[in-house]
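Below is one structure; the comments refer to it alone.
The values are calculated or read from the model by the stated rules, or taken from the named source; none is laboratory data. What you are looking at is a predicted structure, and each value in this text was computed from that prediction instead of being measured. When we count neighbours, we look across all protein chains shown, and the Cβ atoms used for this are built from the backbone with ideal geometry, even at glycine. Just so you know, the surface numbers come from the protein's heavy atoms only, side chains and all, with ligands and any DNA or RNA stripped out. Shrake-Rupley method; radii C 1.70, N 1.55, O 1.52, S 1.80 Å.
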Amino acid sequence: MTLARAVELARAARDRAYPKPTVGAVVLSDGEVVGEGATEAGGRHAEVVALAAAGERAHDSTLYVSLEPCNHHGTTPPCTDAILAAGVARVVYGASDPNSKAAGGAARLRAEGVDVELVDSFEARAVNEAWRTWVAKRRPFVIYKAAVTLDGRVTVPGERWVTGEESRRAVHELRAQVDAVAVGGGTARADSPRLDARDVATPRGQPRRIVFSKGPAPEGLELRSGSIDDELRALAADGVQSLLLEGGPTLAASFLEADLVDKILLFTAPTLVGAGPTALPASLPSPRTLVRLSTRQVGEDVLLEAYVHDP
């Protein structure tokens with residue numbers, strides 16, 4: 001449960017340390033929580049915050065941390081230094097660090113006689129899922145979002161919207177949490193979408209608004225006309241960690257066929273249409289088995305969420 005608390009602290013502080021990962025940490029001594037903390041914006045890492053709160057009681061304690069303690073000099077000294085200086089006896093962490101520059105903390109602590117355990121928690125990995133993909137794969141974490149009827153159609157005759165107001169607001173909140181939003185050329189020319197986050201808090205500022213197309217882009221949208229692989233690498237090199245796809249089935253097919261979608265979100269309305277374009281391509285080169293399927297009510301709609309690639 002204490003690792004779950006570390007993950008909870010990280011989730012509550014999400015984006016505080018952006019573009020760096022957000023981490024939570026808890027110090028347990030004699031069965032009592034004596035210190036806890038999360039990564040500070042531009043400041044101390046979670047381990048250092050929690051150990052400072054624990055003070056002398058950190059000696060011979062157990063440190064629970066959502067991400068493997070770093071072992072390099074960046075903007076701050078290695079967290080492994082602080083852990084060893086505090087005399088921590090045991091470290092339990094929820095996710096390995098995919099950053100080769102910072103990894104190695106667990107090995108160093110073990111070498112110094114600290115008892116170290118990796119729990120490998122999905123929840124811990126998911127807190128920094130975009131950052132993990134960006135670091136490990138050198139491309140953005142790609143989310144495909146669509147609003148669909150119960151039979152998978154993306155339009156309802158005579159209606160402007162497929163889903164309800166609550167779902168549309170949730171999409172604006174989602175846009176505020178990603179670095180870029182993209183559509184295909186057909187959607188851009190037909191709908192002239194704004195692709196911005198409206199009437200919600202935008203701690204990162206507005207996302208970059210992108211169109212993947214060979215043709216001209218509508219005013220205000222950033223044209224990306226190269227191959228998807230090349231464009232994703234270029235966006236990642238420019239600091240884009242997360243990309244939300246809002247295009248139609250043509251764009252979705254391109255990304256799915258290239259196995260470049262990491263997560264799928266389907267806002268599903270309680271409506272049957274029976275005809276019209278679908279959110280997903282009619283065929284794929286091979287079946288895709290999704291994981292971590294979950295559902296939740298959003299107004300009168302249901303949001304289906306699943307991962308194509310476990311983070």
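Largest mean-square fluctuation among GLY113, GLY24, GLY105, in a Gaussian network model of the chain whose springs join Cα atoms under 10 Å apart, belongs to GLY113.
Database remark: amide H of VAL92 closer than 5 angstrom to the amide H of LEU63, TYR64, VAL65, GLU117 (H placed geometrically; neighbours at sequence offset of 5 or more, or on other chains; Pro and chain starts carry no H). Restriction of the trypsin sites (Lys or Arg not before Pro) in segment 60-154 to DSSP coil positions whose beta-carbon has at most 16 other beta-carbons within 10 angstrom yields LYS101, ARG138. Applying 1/(1 + (r/R0)^6) with R0 = 45 Å to the Cβ-Cβ distance of ASP229 and ASP30 gives a FRET efficiency near 0.25.
Comparing ALA106, ALA146, ALA237 in a Gaussian network model of the chain (Cα springs below 10 Å), the most mobile by mean-square fluctuation is ALA237. Taking a ≥ b ≥ c as the square roots of the eigenvalues of the alpha-carbon gyration tensor, segment 95-151 is classed oblate because a/c is 1.5 or more while a/b is no larger than b/c.
Among 256-267, 220-231, the peptide with the highest mean count of other Cβ atoms within 10 Å heads the list, and the full ranking is 256-267, 220-231. Run the accessible area of the chain with a 1.4 Å probe and give the carbon-and-sulfur part as a rounded percent. It is 50 percent, rounded to a whole number. This structure gives mean projected area of the Cα convex hull in nm², computed directly, and of (1) 15.2; (2) 16.4; (3) 17.2 that value is listed as (3). Once the 1.4 Å probe is applied to the protein heavy atoms, segment 107-211 comes out at 49 Å² accessible per residue. The separation of segment 187-243 from segment 18-57, counted between C-alpha centres, amounts to 36 Å. Taking a Cβ cut-off of under 12 Å around GLY87, the surrounding Lys, Arg, Asp and Glu residues balance to a net charge of -1, with basic ones at +1 and acidic ones at -1.
Straight-distance candidates among the aspartates and glutamates for linking to LYS145, with alpha-carbon spacing under 12 Å and chain neighbours fewer than 8 residues away dropped: GLU246, ASP262, GLU305. Using the Cα gyration tensor of segment 70-129, with a ≥ b ≥ c the square roots of its eigenvalues, what is the shape: rounded (a/c below 1.5), prolate (a/b larger than b/c) or oblate (neither)? Oblate shape, in that a/c is at least 1.5 and b/c is the bigger or equal ratio.
Per residue, the accessible area of segment 4-50 comes to 44 Å², computed with a 1.4 Å probe over protein heavy atoms only. Across all C-alpha atoms in segment 1-104, the radius of gyration and Dmax reach 12.2, 36 Å.
Note that segment 40-82 carries a Kirkwood radius of 11.0 Å, evaluated over its alpha carbons pair by pair. Summed over qualifying helices (DSSP H, 4 residues or more, each -39500 (n - 2.57)) and divided by its residue number, the chain shows a 222 nm mean residue ellipticity of -8000 deg cm²/dmol. Between the beta carbons of THR202 and ALA136, assuming R0 = 25 Å, the FRET efficiency works out to 0.40 to the nearest 0.05. Beta bridges per DSSP, both residues in the chain: antiparallel share near 45 percent. Dipole size of segment 212-311 about its Cα centre, with +1 on Lys/Arg Cβ and -1 on Asp/Glu Cβ: approximately 240 debye, rounded to the nearest 20. Between SER66, SER283, SER100, the Gaussian network model of the chain with springs among Cα atoms under 10 angstrom shows the greatest mean-square fluctuation at SER283. Under 5 Å from the amide H of ARG208 lie the amide H atoms of ALA180, VAL181, each residue being 5 or more positions distant or on a separate chain, with H modelled from the backbone and absent for Pro and chain starts.
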